[in-house]
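The values are calculated or read from the model by the stated rules, or taken from the named source; none is laboratory data. Because the structure is predicted, anything quoted here is derived from the model rather than measured. Every residue, glycine as well, gets a Cβ built from its backbone with ideal geometry; the counts of neighbours run over all protein chains shown. With ligands, DNA and RNA removed, areas are computed over all heavy atoms of the protein, side chains included. Shrake-Rupley method; radii C 1.70, N 1.55, O 1.52, S 1.80 Å.
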Amino acid sequence: MSEEVQIKNASLEQLRDVLINKTNDIALADRFRALFNLKSIGSDSDDKEAAHKAIKYIAEAFKDDSELLKHEVAYVLGQTKDLYAATFLRDTLTDKNQQVMVRHEAAEALGALGDVDSLPLLEDYYKNDPSLEIKQTCELAIERIKWENSEQAKTEKLEKSLYESIDPAPPLATDSNTSGVEKLQDILNDQEKPLFERYRAMFRLRDIGTDQACLALASGFDDPSALFKHEIAYVFGQLCNPVTVPSLIKVLKDEREAGMVRHEAAEALGSIATDECLPVLRSFLNDQEQVVRDSAIVALDMYEYENSNELEYATVN
């Protein structure tokens, strides 16, 4: 029986053992598949006991060495919509031994959970953390939590998104004066505007999803913020529009870019999975940055899935 079939039919404890690489010989791509299966269980609001056990098992992977895996673990915990995950995320944000990319994702996940109780912690790290990526992420998480609990959130008209992700910011409202792609691009790239508003323009452009909107988003790769650029690349992975491939390849090849940006570009190319993506991703399997090497491995697994007959990536049977 293949590893993939074992993952699909595994118990919670077996999934945990694959995720934490208990036998020390499990491929990274299979560990990611186990993670996404655990996420499906951890997001189950009908069986809280199993969901909380899955969340606890997911959080065990924060002890791993892989920056990429731990970053994904934090993201997944934020997507469970279960405040049980908040304690694990707070512990990760405050752990100075964790890499910045992992801590940033933990802060973003607290925002995705809408965890009001984490506001004092997020405010502290927004004001005092030396890392710009952490400060900016905490700023976004604070604003997202405040927005989610505001009257504004109840009255704004938001287009129903095609994407199920809980994002760092909601898209700009459809009834605002910013509906055109050019106006949204102006907001996206306006350094004088609040970061939260710029992210809102980003996700509005994503939801518009035309070639013009994608090219407008690509202009965000000129931003000085690594955090901002990594989110653009993430959005391109959701859109899967081939028009974004040249800009993603350019970012991935640029060794001056932060690892968090290049890694996200690699995974986006794996999702888009056009023929030109394959040789590019293979060429980064030996990149000098581990997070880029690991992302190339995962992206190639995603590429194979996108070009296979599987109905859904890493599903639970």
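For this structure, a couple of remarks:
- Selection of the stretch 46-77 for residues being in contact with a helix residue (DSSP H, G or I) (Cβ under 7 Å, 6 or more places away or on another chain) and of a type outside the set (A, V, I, L, M, F, W, C) yields His52, Lys53, Tyr57, Glu60, Asp64, Ser66, Glu67, Lys70, His71, Glu72, Tyr75.
- The stretch 66-93 - residue that is more than 17 Å from Thr137 (Cα to Cα) and in contact (Cβ under 8 Å) with a residue 60 or more places away in the chain and, of those, surrounded by the most Cβ atoms within 10 Å (Cβ to Cβ): Leu68
- Those residues of the stretch 95-126 which are in contact with a Ser or Thr (Cβ under 6 Å, 6 or more places away or on another chain) and of a type in the set (Gly, Ala, Ser), in sequence order: Ala106, Ala107
Here's the yes/no breakdown for (1) over 20 Å from Asp30 (Cβ atoms); (2) open to solvent by less than 20 Å² (accessible area, probe 1.4 Å):
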{"residue": "Val261", "(1), (2)": "yes, yes"}
{"residue": "Glu264", "(1), (2)": "yes, yes"}
{"residue": "Gly270", "(1), (2)": "no, yes"}
{"residue": "Ala273", "(1), (2)": "no, yes"}
{"residue": "Cys277", "(1), (2)": "yes, yes"}
{"residue": "Arg282", "(1), (2)": "no, no"}
{"residue": "Asp287", "(1), (2)": "yes, yes"}
{"residue": "Arg293", "(1), (2)": "no, no"}
{"residue": "Ala299", "(1), (2)": "no, yes"}
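- Answer from Thr92, Thr80 - the residue that is in contact with a Ser or Thr (Cβ under 6 Å, 6 or more places away or on another chain) and within 23 Å of His52 (Cα to Cα): Thr80
- Here the stretch 102-136 is the region considered, the condition is being of a type in the set (Val, Ile, Thr) and touching a Phe, Trp or Tyr at 6+ places or on another chain (Cβ under 8 Å), and the residue that is nearest to Thr92 (Cα to Cα) is Val102.
- Any hit, the stretch 258-274, residues being assigned to a loop (DSSP other than H, G, I, E, B) and among the acidic types (Asp, Glu): no
- Inter-residue pairs, beta-carbon under 8 Å, first hydroxyl-bearing (Ser, Thr, Tyr) and in the stretch 166-190, second open to solvent by less than 60 Å² (accessible area, probe 1.4 Å) and part of a loop (DSSP other than H, G, I, E, B), 6+ apart: Thr178/Leu172
- Lys63 being buried (at least 21 other Cβ atoms within 10 Å of the Cβ) and either within 19 Å of the chain's Cα centre (by Cα) or closer than 23 Å to Arg103 by Cβ (or both): no
- Here the condition is being under 22 Å from Glu123 (Cα atoms) and not assigned by the TED database to the domain that holds Ala86; of Glu151, Glu197, Glu164, it holds for Glu197 alone.
- Every residue from the stretch 15-40 that is among the charged types (D, E, K, R), crowded, with 19+ Cβ neighbours inside 10 Å and more than 15 Å from Asp65 (Cα to Cα): Arg16, Asp30, Arg33, Lys39
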